[in-house]
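Shown next, in structure tokens, is the structure this report addresses.
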Amino acid sequence: MIIVKPLSLSILRVILSVALFLGAIGVHAQQIKLPLTIKKDSVRFLQNIAVGVDVVGVGQLLMSDYGQYEAYVKANIKDKYFPVVEIGYGKAVTEDPDTYISYNTKAPYGRVGVDFNVSKNKHDIYRVFAGVRYGFTSFKYNVEAKGLTDPIWQGSAQYVAHNVNAFNHWGEAVFGLDAKIWGALRMGWTLRYRRRIAHKEGAIGTPWYIPGFGRGRDSVLGGSFNVAIEL
């Protein structure tokens with residue numbers, strides 16, 4: 001026969017005390033509320049304004065028949081959005097070695113647009129961005145062709161067209177990156193796809209070169225290498 005001895009009064013008191021203690025801990029734990037903190041982006045709205053130039057266009061002028069001088073002003077809004085204005089002066093002087101047809105033009109142009117910082121860390125010294133531009137130029141160009149000799153009559157006539165009026169509207173898709181080099185100095189590059197929106201070519205056909213746009217085609221790839229100072 002199994003005999004169960006009753007618990008002593010002291011053991012019952014210990015068990016009851018432990019139970020009350022655990023219950024008090026549970027109630028207190030339910031009353032504790034962990035503070036919910038959300039870290040806000042505390043950067044200024046306008047971080048800085050950068051003033052820069054493109055050196056690719058100058059290189060084109062030195063090594064080819066066309067190119068441009070270009071400068072820009074870009075605002076930095078919270079390291080995320082970068083509205084930009086680009087202003088330049090394009091020129092071309094060329095002559096075809098086979099046909100001896102010469103072409104020249106020079107005129108200002110402008111673009112407006114915005115870049116978006118697509119980097120994961122928006123506040124890093126390196127930036128990767130994608131953007132859009134709208135460009136416009138109104139210009140005049142000259143075309144001259146030396147006369148061809150008539151094989152029968154042996155006569156020749158020179159073809160000349162001066163101050164032919166033209167304009168061009170275009171859009172650009174932009175991708176690029178830049179980085180802080182030292183202090184306020186930044187450098188970077190862009191790749192651009194340009195597409196004409198509306199244009200007037202003049203009575204004699206497509207201009208050989210369009211300031212700010214490039215060679216006179218419906219679409220063109222281009223690029224820039226920028227040097228800028230953040231103010």
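The values are calculated or read from the model by the stated rules, or taken from the named source; none is laboratory data. Predicted model only: the values in this text are computed from it and were never measured. Quick note on the areas: whole protein, heavy atoms, side chains included, nothing else; ligands and nucleic acids left out. Shrake-Rupley method; radii C 1.70, N 1.55, O 1.52, S 1.80 Å.
Tabulated data
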| item | result |
| --- | --- |
| Largest to smallest accessible area among Thr137, Thr206, Thr94 [probe 1.4 Å] | Thr206, Thr94, Thr137 |
| Solvent accessible area, Å² - Phe136, 1.4 Å probe, full protein context | 80 Å² |
| Amide H partners (placed H, <5 Å) of Val118, local residues excluded | Val128, Phe129, Ala130 |
| Solvent exposure, largest accessible area first (probe 1.4 Å, DNA, RNA and ligands not counted), of Met63, Met187 | Met63, Met187 |
| For Ser219, solvent-accessible area (1.4 Å; no DNA, RNA or ligand), Å² | 40 Å² |
| Candidate aspartates and glutamates - alpha carbon under 16 Å from Lys140, same-chain residues fewer than 8 apart omitted | Glu201 |
| Given Lys78/Lys120; Lys78/Lys180; Lys74/Lys106, the pairs whose alpha carbons are separated by over 22 Å | Lys74/Lys106 |
| Rounded to whole Hz, the Karplus (6.51, -1.76, 1.60) HN-Hα couplings of the stretch 81-89, x for glycine and proline | 10, 9, x, 9, 10, 10, 10, x, 9 |
| Residue-level accessible surface for Glu144, protein heavy atoms, 1.4 Å, Å² | 70 Å² |
| Relative contact order (percent, whole number), the stretch 84-135, Cα cutoff 8 Å, 6+ residue spacing | 33 percent |
| Heavy-atom accessible area ranking, 1.4 Å probe, most first, across Val73, Val220 | Val73, Val220 |
| Kirkwood Rh and Cα Rg combined as Rg/Rh, the stretch 173-231 | 1.17 |
| Computed over the stretch 43-98: relative contact order in percent, which uses C-alpha pairs under 8 Å that are six or more apart | 35 percent |
